[in-house]
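The values are calculated or read from the model by the stated rules, or taken from the named source; none is laboratory data. From a predicted model like this one, the values you see are computed outputs, not experimental measurements. Here Cβ is always computed from backbone atoms with ideal geometry, including for glycine, and neighbour counts include all displayed protein chains. All accessible areas refer to the heavy atoms of the entire protein, side chains included, with ligands and DNA or RNA removed. Shrake-Rupley method; radii C 1.70, N 1.55, O 1.52, S 1.80 Å.
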Amino acid sequence: QVQLAESGGGLVQAGGSLRLSCAASGRTFSAYAMGWLRQPPGKERDFVAAISSSGTYTLYADSVKGRFTISEDNAKNTVDLQMNSLKPEDTAVYYCAARYYGGDYYTPFKGGYDYWGQGTQVTVSS
């Protein structure tokens, strides 16, 4: 069992930056692959970025590659998403998610997540 809580969302102008943080409790990060997904209004949740249970491999959606960076800080027990060069189409509710690694210690995942945070709103204005 793991509990997740996102923070850092807000309103930013196009071209600006935001850093989202996901605080985890209940289990150590080594037992879970972590990810960020987003959901625009009226749309399904889409994959954004993921990091393996080992914390050594990452995966990004093509739409954010080169602009977003996922990382984890074991000392702070957080998984962060640095978002640069933000565009209006990045506007969405962003969710942190966790998936028990189940033996795939070095694999980041696009889906199959078991635990979810409440989400944090990111709005990018033009």
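Listed values, structure above:
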read-out: Count - residues of the stretch 11-43 that are outside any strand (DSSP E or B) and either open to solvent by 30 Å² or more (accessible area, probe 1.4 Å) or small (Gly, Ala, Ser) (or both); value: 13
read-out: Any hit, the stretch 87-105, residues being open to solvent by 70 Å² or more (accessible area, probe 1.4 Å) and in contact with a Lys or Arg (Cβ under 9 Å, 6 or more places away or on another chain); value: yes
read-out: Residues being touching a Gly at 6+ places or on another chain (Cβ under 7 Å) and either exposed (fewer than 15 other Cβ atoms within 10 Å of the Cβ) or of a type outside the set (Ser, Thr, Tyr) (or both) - total across the stretch 107-122; value: 3
read-out: Residues satisfying the stated conditions in the stretch 86-126, i.e. free of Cβ contacts under 8 Å to residues at least 60 places away in the same chain, not in a strand (DSSP E or B) and not hydroxyl-bearing (Ser, Thr, Tyr); value: Glu89, Asp90, Gly102, Gly103, Gly112, Asp114
read-out: Single residue of the stretch 63-76 satisfying the filter (in contact with a helix residue (DSSP H, G or I) (Cβ under 8 Å, 6 or more places away or on another chain) and open to solvent by less than 50 Å² (accessible area, probe 1.4 Å)) that is modelled with the highest pLDDT; value: Val64
read-out: Scan of the stretch 44-62 for residues that are open to solvent by 60 Å² or more (accessible area, probe 1.4 Å), in contact (Cβ under 8 Å) with a residue 12 or more places away in the chain and part of a loop (DSSP other than H, G, I, E, B), ordered by number; value: Arg45, Thr56, Tyr57
